[in-house]
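Below is one structure, written out as structure tokens, with a few remarks after it.
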Amino acid sequence: MPDRLLITNASIARMSGLNGAYDLMRDAALLVENGRIVWVGQMSDLEPATESAERINAEGRLLTPALIDCHTHIVHGGNRAGEFEMRLKGASYEEVARAGGGIVSTVSATRGASEEALLSDALKRVDNLITEGVCTVEIKSGYGLDLETELKMLRVARAIEQHRPIRVVTSFLGAHAVPGGMDADDYIDSICLPALVAAHAEGLVDAVDGFCETIAFDTTQLARVFDQAKALGVPIKLHAEQLSNMGGTKLAAQYGALSVDHVEYATEEDAKALAASGSVAVLLPGAFYTLHETQKPPVDAFRTHNVPMALATDWNPGSSPMGSLLLAMNMGCTLFGLTPAEALAGTTRHAAQALGLRDTGVIASGMRADLALWDVEEPAELSYHIGINPLHQRIFEGRI
């Protein structure tokens, strides 16, 4: 007899994009066999043959796809609480940098940490996400900026699945920043590209990312990274238009990017480019909040051109030290004007699309049984609450 789980008396938000925003089914049930959803329907249509399955009586609670955090940097050494305090006391960015703060401090801490120490810290962060119903998390490298540490970060990210019931998707972010004392072009050629090839050879890379910004890399430099990714058969993503518009969105769209992330300074033309390429716009309100930004992403343009919008924590030690995807959903609504339905789609269906995953993010027959059962009556409550975690049960591949 296959492993079977039956969830009864639930309100099921299927998030298929059909029949309304949530595709909500009341008084419904769902059957899982061997980690996959095999049936979802009304309680009145439930077959007697399901009696042998393990049962959960949802008692009217809301069942959704498990949440997906599609943009994080949770493998890193140290923290930057000290510079946070310095900034609150009036220190400038330059003064923080001279005191050893900024990304330099995270790179130094990450290089100096063992794989065991990085894993221990990353597992604590993963545990926070798990408690909020997250079953899939994307993790980037990018705090090594040398071959050995970039590989170390990716190995740690891969190891998380061996210690926790969670799915990890990795992104190589070697083109994150330029190490001190190096020319950006020299860094791309002598460190970033060789590290990408080495990481791919070890099976550590699910996607290739980069940071297109005045303080990082331009489109010409990133095109060389994307050409290498294309040669390796690896999909691409990009941090773009966060602090200015440098053309990163259009570049990524030309390469058929899975997603372009931040996009506060994206234009309507950028939205059209994303629509044409089928790319997802990943919104990161945690960084917007932390950096006191005022330029909001063009949500109306994304709606007009049917660009899928995802939401993520961007959990990192500098610009977004935020470990709550539920809070990101609330921020997406309150700061960027998303609807609660868009926020839930942004952490389920569209987040899966941003990672190139086709077997999760919606509730339908044949999909992975990654599910979250919430102690709420209406889906909008997930974005409405602030600092409240209403998770009742998390189900990973059919296992409670």
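A full extension of the chain between R358 and I215 corresponds to an added length of 48.0 nm, given 0.36 nm per residue minus the alpha carbon distance.
Only protein heavy atoms count here; on that basis, with a 1.4 Å probe, F211 has an accessible area of about 20 Å². Straight-line cross-link partners of K237 among the lysines, defined as a Cα under 24 Å from its Cα and at least 8 positions apart when in the same chain: K140, K152, K250, K272, K296. Most tightly packed first, judged by the mean number of other beta-carbon atoms within 10 Å of their residues, the peptides 169-178, 313-322 read 169-178, 313-322. If I compute solvent accessible area with a 1.4 Å probe over the protein chains, what percent of it on segment 358-400 is carbon and sulfur? Solvent-exposed carbon and sulfur of segment 358-400 make up 47 percent of the total. Surface analysis of the chain yields an accessible area of 39 Å² per residue, using protein heavy atoms and a 1.4 Å probe. For C333, the solvent-accessible surface computed with a 1.4 Å probe is close to 30 Å², ligands and nucleic acids excluded.
Around the Cα centre of the chain, unit charges on the Cβ atoms of Lys, Arg, Asp and Glu (plus for the first two, minus for the last two) sum to a dipole of about 320 debye.
Take the Cα of A276, step 7 Å toward its Cβ, do the same at Q254, and the gap between the two points is 1.1 nm. Per atom type, segment 73-191 shows carbon and sulfur on 51% of its accessible surface, probed at 1.4 Å.
Subtracting the Cα-Cα distance of M86 and N9 from 0.36 nm times their residue separation leaves 22.5 nm of extension gain. Protection proxy ranking of 78-91, 270-283, by the mean of other Cβ atoms within 10 Å over each peptide's residues and highest first, is 270-283, 78-91. When the chain is treated as a GNM with alpha-carbon contacts under 10 Å, the residue of I37, I130, I56 showing the greatest mean-square fluctuation is I56. Computed over every Cα-Cα pair of the chain and binned at 20 Å starting from 0, the pair-distance distribution P(r) comes out as 29, 57, 14, 0 percent. Given a 10 angstrom Cα cut-off, can you work out which residue in E54, E241, E213 is the most mobile in a GNM of the chain? Fluctuation is largest for E54. Taken over segment 112-220, the alpha-carbon convex hull comes to 111 cubic angstrom per residue. Its Cα gyration tensor gives segment 281-400 an equivalent ellipsoid. The semi-axes, each the square root of 5 times an eigenvalue, are 24, 17, 14 Å from largest down. The fraction of accessible area contributed by carbon and sulfur in segment 1-59 is 45 percent, rounded to a whole number (1.4 Å probe; ligands and nucleic acids excluded).
The values are calculated or read from the model by the stated rules, or taken from the named source; none is laboratory data. The shown structure was predicted, so the numbers you read here are calculated from the model rather than taken from an experiment. Counting neighbours? That spans all protein chains shown, and the Cβs are built from the backbone with ideal geometry, glycine included. Just the protein is used for accessible areas: all its heavy atoms, side chains included, with ligands, DNA and RNA removed. Shrake-Rupley method; radii C 1.70, N 1.55, O 1.52, S 1.80 Å.
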